[in-house]
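S.K.: The structure that follows is given in the form of structure tokens.
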Amino acid sequence: MFPCYNDANTIGGLVDDVHEVLAPIVAQVEVIVVNDGSSDASRQVLDELATTRPWLKVVHHDRNRGYGGALISGFAAARYEWIFYTDGDAQYDAREAALLIPLATQEVDIVQGYKIGRGDGWHRKVIGRVYHHVVKLLFGLPGRDTDCDFRLFRRQLVIDRPLTSTSGVICVEMMRSFHERGARFVETPVHHYFRPSGKSQFFRLPAIARSARQLLQLWWRMVVR
């Protein structure tokens, strides 16, 4: 599953890459893309792809609902036992999804990636590490890289306790919710690359301030209360 916001230049390659590597090694696979109100050509690109790829399911949002809103729609559209998701901007190599499959054993509920380095400028690396340590401390989260959106998990986890955050803090909500319920984690390294096109929606002062406020609200709801 991929959230897509103005990722017309990258989403087609990711869709084909992930299907190519997963189809030979799992019994059933579908690829879901949630176009979260993109203003570029993402809608046209995805609709054209869907005409020749019966395993591709496209969900269009008429307006932008935020990163969390896109994930919620994508998870709701999923049919099979396991959900893998990563971002539609190609900073992760979708083909590395195949590395997660052997780790998804009967004793595991979440296979969590962690970044081998970070394909960003120094200021984003600093902000990313500060964010990771803050949320790890505030929410008591396990793992080396809460901010790594390269995850494979049992679908039942989001059926039993649906996620509600519509912003990027949904990743913290997800990890806290899974941890509270005793979900079993395993971690594996994945590569992270410079963004090939477009601009990040997170690393801007208004977005950082908004995320900080939402993070505190989530902490109050999930930890304090």
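None of the figures in this text is laboratory data; all of them are computed from the coordinates on show. What you see is a predicted model, and the numbers here were worked out from it, not measured in a lab. In this analysis, Cβ positions are derived from the backbone assuming ideal geometry, glycine residues included, and neighbour counts consider all displayed protein chains.
S.K.: Using a 7 Å offset from the Cα along the Cα-to-Cβ direction at both HIS179 and ASP16, what is the distance between the two label points in nm, to one decimal?
M.R.: So the label points at HIS179 and ASP16 sit 4.0 nm apart.
S.K.: Further question on the same structure: Which loop-located trypsin sites (Lys or Arg not before Pro) does the stretch 1-86 contain, where loop means any DSSP state but H, G, I, E or B and the Cβ has at most 15 other Cβ atoms within 10 Å?
M.R.: Counting only loop positions with at most 15 other Cβ atoms within 10 Å, the trypsin sites (Lys or Arg not before Pro) in the stretch 1-86 are ARG63, ARG79.
S.K.: Provide the per-residue ³J(HN,Hα) series for the stretch 171-178, in order, calculated from phi with Karplus coefficients 6.51, -1.76, 1.60 and θ = phi - 60°, each as a whole number of Hz, with x at glycine and proline positions.
M.R.: 5, 5, 4, 4, 5, 5, 4, 5
S.K.: Gaussian network model of the chain, Cα springs within a sub-10 Å range: biggest mean-square fluctuation belongs to which of ILE127, ILE110, ILE32?
M.R.: ILE127
S.K.: What does DSSP give for the chain in terms of the percent of beta bridges that are antiparallel, rounded to the nearest 5?
M.R.: Here the share of antiparallel DSSP bridges comes out near 35 percent.
S.K.: Please compute, over every Cα-Cα pair in the chain, the percentage with a separation greater than 29 angstrom.
M.R.: Cα-Cα pairs in the chain separated by more than 29 Å: 21 percent.
S.K.: Please list 3J(HN,Hα) in residue order for the stretch 31-47, calculated via the Karplus relation 6.51 cos²θ - 1.76 cosθ + 1.60 where θ = phi - 60°; whole Hz, with x for glycine and proline.
M.R.: Computed from phi, the couplings for the stretch 31-47 are 10, 10, 10, 9, 7, 8, x, 4, 9, 9, 8, 4, 4, 5, 4, 5, 4 Hz.
S.K.: Right, another one. How big is the shadow of the Cα convex hull of the stretch 1-92, averaged over all directions, in nm²?
M.R.: Projected over every direction and averaged, the Cα hull of the stretch 1-92 covers 5.5 nm².
S.K.: Label TRP220 and TRP55 with points 7 Å out from Cα along Cα→Cβ: what is the distance between them in nm?
M.R.: That separation, rounded to one decimal, is 4.6 nm.
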